Amino acid sequence: MANERTDRLQYDLSKIGTRLRALRRERSWTLEDLAERTGLSRAYLSRMEGGERQPSLSALSEVAHAYGISFSSLFVPEPEVQNGVIVRGRDAAVQRGRGLLYSRLSTSDWAFNLQPMQVVVPAERDEGEALYHHEGEQWLYVLSGKLGLNLSGEDSVLEPGDAAHFDADQQHRLTALDGRDAEIILVACAVPYLLLRSYL
């Protein structure tokens, strides 16, 4: 387990380093140029770009400020022209995955850290007994029906108006109870949570 976490952190650091180097080269800056603008040493910046150093949040903040971009844009590109996203109900196509029916409530999940969805958990779910886990965290709110939530083997029953917030890296399962579909709003959090969690 420790080796897996180390490998995962090294992979994340490598991706961040590649992104930082690309941002600097887009501006035709040298490491010395960036060091002068951030107050960080050239050697420190070089190790950050090479994925050899776990950067502090303050260092990343200084780099983002020097580039004139948001903190989250150190991890993913900013949209070229977009102040926000509006999704009309008629445009939210229903998709199926892992036995669930869901509609994305944002069209730019690559540009933001939150991925909101309206989800229907069918009463007769094909993969109802399967447990899942993945990076990030999830928050959900029950709109209708009765929802069974299993977190690492512990079962809870949620009714309309109830909410849950959990680390999605633990085993979890959603089940519709009482023979009726359950409808929920689910919000998943993506990068940069992956990096932030490595500091906790």
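The values are calculated or read from the model by the stated rules, or taken from the named source; none is laboratory data. Just so it is clear, the model here is predicted, and its values are computed rather than measured. For neighbour counting, all protein chains shown are included, and Cβ atoms are generated from backbone atoms with ideal geometry for every residue, glycine included.
Quick notes on this structure:
- Tally of residues being of a type in the set (A, V, I, L, M), assigned to a loop (DSSP other than H, G, I, E, B) and either over 21 Å from the mean Cα position of the chain (by Cα) or under 12 Å from Val119 (Cβ atoms) (or both) across segment 158-184: 1
- Just so you know, in segment 17-39 the residues that are among the basic types (Lys, Arg) and assigned to a helix (DSSP H, G or I) include one that is surrounded by the most Cβ atoms within 10 Å (Cβ to Cβ), and it is Arg24.
- Taken together, Ser156, Ser144 contain a single residue that is in contact with a Pro (Cβ under 7 Å, 6 or more places away or on another chain), polar (S, T, N, Q) and at pLDDT 95 or above, which is Ser144.
- Enumeration of residues in segment 143-157 that are among the polar types (S, T, N, Q) and assigned to a strand (DSSP E or B): Ser144, Asn150, Ser156
A quick yes/no check of all residues on (1) under 15 Å from Cys189 (Cβ atoms); (2) small (Gly, Ala, Ser); (3) surrounded by 16 or more Cβ atoms within 10 Å (Cβ to Cβ):
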| residue | (1), (2), (3) |
| --- | --- |
| Gln115 | yes, no, yes |
| Gln118 | no, no, yes |
| Val121 | no, no, yes |
| Ala130 | no, yes, no |
| Gly136 | yes, yes, yes |
| Ser144 | no, yes, no |
| Ser152 | no, yes, no |
| Ala163 | yes, yes, no |
| Asp169 | yes, no, no |
